[in-house]
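The values are calculated or read from the model by the stated rules, or taken from the named source; none is laboratory data. Computed from a prediction, not measured in an experiment: that's the story for all the values here. Cβ placement follows ideal geometry from the backbone for every residue including glycine, while neighbour counts extend to all protein chains displayed. Just so you know, the surface numbers come from the protein's heavy atoms only, side chains and all, with ligands and any DNA or RNA stripped out. Shrake-Rupley method; radii C 1.70, N 1.55, O 1.52, S 1.80 Å.
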Amino acid sequence: MKNHYQLLIIGGGPAGLAAATIAAKDGISCAVLDEQPTLGGQIYRAIESIPEQRAKKLGSEYRRGKNIAEAFRLSDAEYYPNTKVWSLNNQREVGILQNDKASILSADQVIVASGAMERPVPFPGWTLPGVMQAGAGQILYKSAGIVPDNGVVLAGSGPLLLLLAWQYLHAGVEVKALLDVTPLSNHIGALPKFPRALLAHHYLTKGIGYQIALKRAGIPMLFGVSDLRADGDGVCQSVGFKHSGKQKTIESELLLTHFGVIPHIWLTQSAGCKHQWDDSQQCWRPEHDEWGNTDISGILVAGDGAGINGARSAEHAGRLAGLEALFALGVINQSERDNRGVKERKWVRGERHIRPFLEKYYQIPKKLLATDIDETIICRCEEIAAGEIRQAVRDGHDNTNQVKFFTRCGMGPCQGRQCSNAVAHLVADESGKSVKEMGHFRGRPPVAPLTLEQLATLKQEVAE
Amino acid sequence: MNSDVIIIGGGLMGSSIALQLAMRGCQCIVIDKASPGRHSSGVSAGGLRLLNRDPAEIPLSVEASKMWRDITSLVDSDCDARFPGQIRVAENKADMEKLEQRAALVRSLGYEHEEIIGKQELYQLVPALAPHCIGALINRTDGYARPYHALTAFRRKAESLGVKYYPSTEVYNVEKEAEIWSLKTSQGIFSSPILVNCAGAWANKFATSLGEAVPLEQKALMLMVTERLPHFVDPVMGAASRKLSFKQMQNGSLIIGGALVAKLDFAKEKTDIDWAQLAKSADTVISFFPQLKQVRIVRAWAGIEGFMPDNIPVLGQSQTHQNAYHAFGFSAHGFQLSPVIGKIMSQLILDGQAELPIEPFNINRFN
Amino acid sequence: MFKQLSEGQADNVEIILNGQSVLVSRGISVAAAALSHQQRFTRTTPVSDSKRAPFCMMGVCYDCLMVIDGKANQQACATYVQQGMRVDNQQGVGPAMENG
């Protein structure tokens, strides 16, 4: 490993791999850093090692990842798995950790392809063992062939929920119920976006196909569910909710929830890139142009880490960022960049067709984003409840960072990843302002915790 | 907006002065360019340290130490203050001599608060310490508080007595007409007969506009904080000859400092953590407490502060204008002094003199 | 709560999970191993001693912290099983300070 690269790519999912594949040619020094042991990111997890039988059950969208991985393997890019990136600054210095040893690399161009994470939505009981995110269920299945053995309740909102139910159905897992918390009013609200979504009809057909299959299999699908909660003595034993005005309970030791995904922005935030609140996607994302340039020279973003557009779009956005990096490095001129980017840009725009519809249809209701149940834990690490956050606002701490200082919310090991959005929504709700005005937790490095011993290894590195 | 006094800077010093003035019936306005306490005040390490003070600061710090003991009576909150003492550890004979000289100096000034302790007592107080240390200098009454809680308590108490805060109010221009100060700001004109400059790292702008520029330097000091740990150390720890400063807070996490400077773009107010420095600091911590090797750092940050060349603040009346006062340049150790600064500055403003000696902090000392 | 699907030839390693020797598939994460071997929870919190288990499985929630080969605070979802690995539930902050 060198300590300087012309191009460093953070993340080995579709965006990062596609960027590397297009850029790592003609002697460009390019490396992909990924914290996973295998490439593919979360979406194509274990894509190179998965047994064929399991890959088939996961569906054709998953298997697309094979081509991306193969093309990447043929490129000249260096690939460093098990490499945790813990810092990125505006000088394009990248702190990494490998085998407990910390070091700092530098690069002329950095593409952050950090992907997405599940949108954390706190509800009563969400910290109980047995309550997990749907993405966690999918990762267990993809990477380990591990599925629920005693039934599962799926709850929340968004296409992943349907896909996971369908995948579980094919794996012989008992899906006790699928509880959709999307308010029925969303369906009407999304209608104006429907014509454009028809341009991406393959997604619609797929979604409808899943629903039909689930219905045929007799899986109870309840829509317009509210007041979701998990209950139990120390661990999840039942799932409670309201449906058609009635309070209901399902016995289950496992509840997988999904409330859409949001960009993983901790690195771009730590670098000081400008971020904006995306009202439609209900999340913060780094500002960028269509080539992926952020407001910091030489730092680009691609894929879901730049804004949620899905795996296919990530691939094209990755290529655009790769081309832009080559242009910035002086390897190709502007017209070559533009010519080679024509198709990719068209694809990226094409992949947007379905999004406004999905974003409106699966919009998370405000009541879920800013819970009115004071006892609900918001910060899983420091165990700060919603009521404490609302009280801090009433005491005059009227932005997310002040609330953080005062309550310690967001100061645990996850560094606010799980509570940041919820705090912003609660503070906005309590103070009657918009989430946009509330701001985001200031990024405090390291982006991933380091032990004192690991950090101390950096000293030797610098001394050498 | 009109008032008796305008204070520029709503951090701890500005708030403490506003509070004391308000307690004596004065109408105060506090204006702050951002959210008050955004930089040094809200994010400092919160050390309540009388140990190893500059001799000029000792009288003030001794009084501040008393005030912190009873801080609730002043601000209706204990600010999470704790007083487990503060220690400077000697690792070798040279260190020990240095500490003994220091103790002798403090005694010669008529104070008894800095004591030398031997190896045995050191390890009774800090059993977790690596075995190579030979003694220490201690002040048993020192401690720490939570900076943001203190800032909030001072501000709320001041507000309850009628002090008005104007956050996000940037001062463009300071003028005096017919003995009335007039401040042109992003939120309109503010005027009052008395002006107090508590602008921290930004204070030189106002000193300059009063015609008495000072060599104030802006630096951002870094801190790092660990995950929660079982309780293992009481006193705030420092070392005689190495950059070590750390304390274990009530929740179990460690705050590690030691005057480590981050990279700073002052104009943009952007700080960038210098990891090589923090790595050295991590190494120092491990050499004093090897059992902390596997402990995780969850956060690091840097706050922007104003430093004077002699590391003591500028305090007192302007030398160019009557009815203007300065309190800035605390050089990263003002937190402990904050209650007493409010007291003596309010005395200076309302009575014309302070009950404690402040001559060493005169702004004209750099001329 | 979870089970390993049988997918043809088993390629297993042996780990010691909370004192019990168990066979798990080579290459899976420690969190996956714990969840598929009837561990209802994998740690208790330092704040309130509440039980927790893996939540996100992708390294962002830090709820899957376990003691692995004596080292506290290891992210079980981002650590992969090795032959002979010792995996224990973490109580509170665990033995973070006992292995210096």
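Annotations
- Test result for A:CYS419, more than 9 Å from every other protein chain (Cβ to nearest Cβ), free of Cβ contacts under 8 Å to residues at least 60 places away in the same chain, surrounded by 24 or more Cβ atoms within 10 Å (Cβ to Cβ) and not β-branched (Val, Ile, Thr): no
- Just one of the listed residues (C:ARG43, C:ARG26) is basic (Lys, Arg), crowded, with 23+ Cβ neighbours inside 10 Å and within 11 Å of chain A (Cβ to nearest Cβ), and it is C:ARG43.
- When the stretch A:350-391 is limited to residues that are open to solvent by 50 Å² or more (accessible area, probe 1.4 Å) and within 29 Å of B:ASN251 (Cα to Cα), the one that is farthest from the other protein chains (Cβ to nearest Cβ) turns out to be A:ASP372.
- Matching entry among A:ALA200, A:ALA217, A:ALA177, A:ALA213 (being farther than 30 Å from A:GLY416 by Cβ, exposed (fewer than 14 other Cβ atoms within 10 Å of the Cβ) and in contact (Cβ under 8 Å) with a residue 40 or more places away in the chain): A:ALA217
To keep it simple, each residue is scored yes or no on (1) out of contact with any Phe, Trp or Tyr (no Cβ under 7 Å at 6 or more places or on another chain); (2) surrounded by 24 or more Cβ atoms within 10 Å (Cβ to Cβ); (3) within 14 Å of chain C (Cβ to nearest Cβ).
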residue	(1), (2), (3)
B:ALA267	yes, no, no
B:PHE289	yes, no, yes
B:GLY316	no, no, no
B:PHE330	yes, yes, no
B:GLN353	yes, no, no
B:PHE361	yes, no, no
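- Per this entry, A:GLY16 is not counted among residues that are away from every other protein chain (no Cβ under 12 Å), in contact (Cβ under 8 Å) with a residue 40 or more places away in the chain, in a loop (DSSP other than H, G, I, E, B) and open to solvent by less than 10 Å² (accessible area, probe 1.4 Å).
Okay, residues lined up against (1) in contact (Cβ under 8 Å) with a residue 12 or more places away in the chain; (2) out of contact with any strand residue (DSSP E or B) (no Cβ under 9 Å at 6 or more places or on another chain); (3) not assigned by TED's automatic domain parsing to the domain that holds A:GLY207:
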{"site": "A:GLY40", "(1), (2), (3)": "yes, yes, yes"}
{"site": "A:TYR44", "(1), (2), (3)": "yes, yes, yes"}
{"site": "A:GLU48", "(1), (2), (3)": "yes, yes, yes"}
{"site": "A:GLN53", "(1), (2), (3)": "no, yes, yes"}
{"site": "A:LEU58", "(1), (2), (3)": "yes, yes, yes"}
{"site": "A:ILE68", "(1), (2), (3)": "yes, yes, yes"}
{"site": "A:PHE72", "(1), (2), (3)": "yes, no, yes"}
{"site": "A:SER75", "(1), (2), (3)": "yes, no, yes"}
{"site": "A:GLU78", "(1), (2), (3)": "yes, no, yes"}
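- Enumeration of residues in the stretch A:422-458 that are at the interface with another protein chain (Cβ under 10 Å from one of its Cβ atoms) and of a type in the set (A, V, I, L, M, F, W, C): A:ALA448, A:LEU450, A:LEU452, A:LEU455, A:ALA456, A:LEU458
- Scanning the stretch B:1-31 for residues that are open to solvent by 20 Å² or more (accessible area, probe 1.4 Å), touching a Phe, Trp or Tyr at 6+ places or on another chain (Cβ under 9 Å) and either β-branched (Val, Ile, Thr) or more than 30 Å from B:ILE138 (Cα to Cα) (or both) turns up B:MET1, B:ASN2.
- Any chance B:VAL298 is within 14 Å of chain C (Cβ to nearest Cβ) and not in a loop (DSSP other than H, G, I, E, B): yes
- Qualifying residue in the stretch C:70-93 (condition: assigned to a strand (DSSP E or B), touching a strand residue (DSSP E or B) at 6+ places or on another chain (Cβ under 9 Å), more than 14 Å from chain B (Cβ to nearest Cβ) and among the β-branched types (Val, Ile, Thr)): yes
- Residue-level check: of (1) at the interface with chain B (Cβ under 10 Å from one of its Cβ atoms); (2) assigned to a helix (DSSP H, G or I); (3) open to solvent by less than 20 Å² (accessible area, probe 1.4 Å); (4) not small (Gly, Ala, Ser), A:HIS397 misses just (2).
- Pairing residues of the stretch A:90-104 that are in a strand (DSSP E or B) with residues that are of a type in the set (Lys, Arg), at Cβ distances under 6 Å and at least 6 apart in sequence or on separate chains, gives A:LEU97/A:LYS84.
- Selection of the stretch A:110-137 for residues being within 19 Å of the chain's Cα centre (by Cα) and either assigned to a loop (DSSP other than H, G, I, E, B) or modelled with pLDDT under 95 (or both) yields A:ALA113, A:SER114, A:GLY115, A:ARG119, A:PRO120, A:VAL121, A:PRO122, A:TRP126.
- Search result, residues across the stretch B:166-210 that are under 13 Å from B:ASN2 (Cα atoms) and of a type in the set (Ser, Thr, Tyr): B:TYR166, B:SER182, B:SER191, B:SER192
- Candidates A:VAL342, A:VAL348, filtered to the one that is among the aliphatic types (A, V, I, L, M) and either under 26 Å from A:ALA31 (Cβ atoms) or in the same structural domain as A:PRO192 (by TED's automatic domain parsing) (or both): A:VAL348
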